[in-house]
1. Is there any pair with a first residue in the stretch 44-66 that is within 17 Å of Pro82 (Cβ to Cβ) and a second that is open to solvent by 50 Å² or more (accessible area, probe 1.4 Å) and modelled with pLDDT of 95 or more whose Cβ atoms are under 8 Å apart and which are 6 or more apart or on different chains, and what are they?
2. Looking only at the stretch 89-129, count how many residues are in contact with a helix residue (DSSP H, G or I) (Cβ under 8 Å, 6 or more places away or on another chain) and more than 18 Å from Ser61 (Cβ to Cβ).
3. Between Thr47, Thr32, Thr9, which is farther than 30 Å from Phe100 by Cα and either β-branched (Val, Ile, Thr) or more than 17 Å from the chain's Cα centre (by Cα) (or both)?
4. Please go through the stretch 27-54 and pick out each residue that is out of contact with any Lys or Arg (no Cβ under 9 Å at 6 or more places or on another chain) and either open to solvent by less than 30 Å² (accessible area, probe 1.4 Å) or at pLDDT 95 or above (or both).
5. Taking strands (runs of 3 or more DSSP E) that fall entirely within the stretch 73-180, which contain at least 3 residues that are within 19 Å of the chain's Cα centre (by Cα) and surrounded by fewer than 14 Cβ atoms within 10 Å (Cβ to Cβ)?
6. How do the pairs read when you match residues in the stretch 143-163 that are farther than 13 Å from Leu16 by Cβ and in contact (Cβ under 8 Å) with a residue 60 or more places away in the chain with residues anywhere that are of a type outside the set (Lys, Arg) and in a loop (DSSP other than H, G, I, E, B), using Cβ under 9 Å and keeping only pairs 6 or more apart or on different chains?
7. Which of (1) modelled with pLDDT of 85 or more; (2) assigned to a helix (DSSP H, G or I) is the odd one out, the single condition Asp4 does not satisfy?
8. Evaluate the following for Lys187: is it open to solvent by 70 Å² or more (accessible area, probe 1.4 Å) and in contact with a strand residue (DSSP E or B) (Cβ under 9 Å, 6 or more places away or on another chain)?
Amino acid sequence: MGKDAFKLTIHMVSSLDGFIAKKDNSISWFETVDNYEKGVTLTEQDTAAFLKSIDCYLIGSQTYEHALKLSKSYGWVYGDVPVIVLTHRDLPVDGHNVEFYSGDLHELVSERLKPNYQHVWMAGGAVLAKDLIRLRLADEIRVSIIPIILGEGKLFFDQIQQEQMLHVKNVTAYKNGIVELHYEIRK
């Protein structure tokens, strides 16, 4: 696997005003009933093909705990793909392809992720996203904006404390009103 083939993508679902969760951490607002006639229709085949391109998920501990709760009703969202949870806490393992990591992020990316995966998808955790951007370890950001203004909650880019240049790779508006912004991170 060549070095150029590796890509670490930060993905987050956000309200228009930049919140990724309500104050109580609920994400019930992720479901949208909006209808944008000019939008792209995403098929199950499109989604399945895309998910097959992800070799590994990287998530924060709160995202993991939320995924565990949801898995009781909806199943494990990450399937059989390896999931690395960044945490300093002891968390339950629920029989999934999960491992925990609490060390240096540079070491994780260069020694564990790059040699073993091509496409790592960071799928939750504002603090983790901020750290990956600050340390210049992420290659791209994809933000799926739900058509809602929450007014308060957990911010995606809260106190990142550095300017980061981006390059627009793509913008897609979907039938359900979600707009995906795809940026390459300029290093």
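1. Taking only residues 6 or more apart or on different chains, the pairs are Asp55/Asn116; Asp55/Gln118; Cys56/Asn116.
2. The total comes to 2.
3. Thr32
4. Ile54
5. Answer list for the stretch 73-180: 166-173.
6. Pairs that qualify, where the first residue is farther than 13 Å from Leu16 by Cβ and in contact (Cβ under 8 Å) with a residue 60 or more places away in the chain and the partner is of a type outside the set (Lys, Arg) and in a loop (DSSP other than H, G, I, E, B), are Glu152/Asp17; Lys154/Asn25; Phe157/Gly18.
7. Among (1) modelled with pLDDT of 85 or more; (2) assigned to a helix (DSSP H, G or I), Asp4 violates only (1).
8. Considered against the rule, which asks whether it is open to solvent by 70 Å² or more (accessible area, probe 1.4 Å) and in contact with a strand residue (DSSP E or B) (Cβ under 9 Å, 6 or more places away or on another chain), Lys187 comes out as no.
The values are calculated or read from the model by the stated rules, or taken from the named source; none is laboratory data. Predicted model only: the values in this text are computed from it and were never measured. Backbone-built Cβ (ideal geometry, glycine too); neighbour counts: all protein chains shown. Accessible surface areas use protein heavy atoms only, side chains included; no ligands, DNA or RNA. Shrake-Rupley method; radii C 1.70, N 1.55, O 1.52, S 1.80 Å.
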